[in-house]
Amino acid sequence: MVPQNFLHYIKFEKRFSLHTCTAYQSDLSQFLLFIEKSYQVSDLKSVSHQLIRSWVASLMENKISARSINRKLTALKTCYKFLLKGGEIKVNPMIKVISPKISKKLPAFVDKKSMNTMLDNINFGSNFIGLRDQMILEMFYSTGMRLSELMNLKMGNVDGYSNTIKVLGKRNKERLIPFSPSLKVLINSYIIERGKLGLENEYFFISEKNKKLYEKQIYRIVNHYLGSATTANKKSPHVLRHTFATHMLNNGADLNSIKELLGHANLSATQVYTHNSFEKLKTIYKQAHPRAS
């Protein structure tokens, strides 16, 4: 069984998001199930590095991606650091466990022309549903916020006077994101339409039945409209977040500013977007240099 004091620690002291806490609990439960079934070991405190390596090998044999395995190992690392700090174990078994290497992939994004075509040429309609769906796409692209951040956005978080949105990000960290006058016009139209229908939910994005939108609803909306703009396999809210960051960088924004807007804890997480810009430079070079072809 996953230690309850550890779950309390990551939820209330580390202030991990509900999604992260649920994922950690699931990963630790999977590991405990494996060692109990394979080695008749049921206590995390009795685990050796060999057992953890065996689990990693089992995951790889089952074609689990290196990225997913590393996420599971992160849960174990956090748990064993907690147990070591609390004096419940004397040696951290994770010290001798090497994480699988992840192949670096460039973040998928939509090019500027396709984004403009989608946002400017699609007739979303002027009713509540049309305005809401357009708002979702514009908000993702204009602010770069995460799916969970948009889903949990409240009416009081949108300030039409200062043209800023207060976002509650990972680990309950707040940040302010500015928005453009054109987005403000759309926000006002959406709020007016909400009022006409008598919808008074505290959450910003809601259904016509006055219910807060859930993740799959938002994902389906984005996937549907991105399908008209790009033939890429990935058509998710996160692609719009990548698109926001890539377009900002390509248009002269510095990495530190993008880092703050995205709510990244470390600059290294933001630097991945420089690869997309470098790919653009290579394309320009090949097109422009006489001897590049």
(request) Just give me the residues in the range 239-266 being at positive phi and either free of Cβ contacts under 8 Å to residues at least 40 places away in the same chain or of a type in the set (A, V, I, L, M, F, W, C) (or both), in sequence order. (result) G252
(message) Being more than 18 Å from S142 (Cβ to Cβ) and modelled with pLDDT of 95 or more is true for just one of I206, I187, I284, I218. Which residue is that?
(response) I206
(request) Of the conditions (1) within 25 Å of N121 (Cβ to Cβ); (2) under 22 Å from the mean Cα position of the chain (by Cα), I206 clears all except one; give me its number. (result) (1)
(request) Would you point out which residue out of L261, L267, L255 is in the same structural domain as N172 (by TED's automatic domain parsing), hydrophobic (A, V, I, L, M, F, W, C), modelled with pLDDT of 85 or more and buried (at least 20 other Cβ atoms within 10 Å of the Cβ)? (result) L261
(request) Return the residue satisfying two criteria in turn: it lies in the range 227-238 and is touching a residue at least 24 places away in the same chain (Cβ under 8 Å) and crowded, with 20+ Cβ neighbours inside 10 Å, and of such residues it is farthest from N121 (Cα to Cα). (result) P237
(message) Looking only at the range 76-122, count every residue that is more than 30 Å from T246 (Cα to Cα) and assigned to a helix (DSSP H, G or I) and tell me the total.
(response) 14
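Residues are listed down the side, and each one gets a yes or a no for (1) in contact with a strand residue (DSSP E or B) (Cβ under 9 Å, 6 or more places away or on another chain); (2) modelled with pLDDT of 95 or more; (3) more than 30 Å from N152 (Cβ to Cβ):
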residue	(1), (2), (3)
F6	no, yes, no
K11	no, no, no
S38	no, yes, yes
H49	no, yes, yes
(message) Take the conditions assigned by TED's automatic domain parsing to the domain that holds L147, within 16 Å of E149 (Cα to Cα) and touching a Phe, Trp or Tyr at 6+ places or on another chain (Cβ under 7 Å) and apply them to R241. Does it pass?
(response) yes
(request) All but one of (1) assigned by TED's automatic domain parsing to the domain that holds Y219; (2) touching a residue at least 40 places away in the same chain (Cβ under 8 Å) hold for P107, so report the exception by its number. (result) (1)
(request) State yes or no: is A253 assigned to a loop (DSSP other than H, G, I, E, B), more than 16 Å from L131 (Cα to Cα), more than 18 Å from the chain's Cα centre (by Cα) and of a type in the set (G, A, S)? (result) yes
(message) Looking at K63, K37, can you tell me which residue is exposed (fewer than 12 other Cβ atoms within 10 Å of the Cβ), part of a loop (DSSP other than H, G, I, E, B), out of contact with any Leu (no Cβ under 9 Å at 6 or more places or on another chain) and without any contact (Cβ under 8 Å) to a residue 12 or more places away in the chain?
(response) K63
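A quick yes/no check of all residues on (1) under 15 Å from M139 (Cα atoms); (2) in contact with a Lys or Arg (Cβ under 9 Å, 6 or more places away or on another chain):
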site	(1), (2)
Y225	yes, yes
L249	no, no
G252	no, no
L255	no, no
K259	no, no
G263	no, yes
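The values are calculated or read from the model by the stated rules, or taken from the named source; none is laboratory data. Worth saying up front: this structure is predicted, and the values here are computed from it rather than measured. Cβ coordinates were reconstructed from backbone atoms using ideal geometry, including for glycine residues, and neighbour counts include every protein chain displayed.
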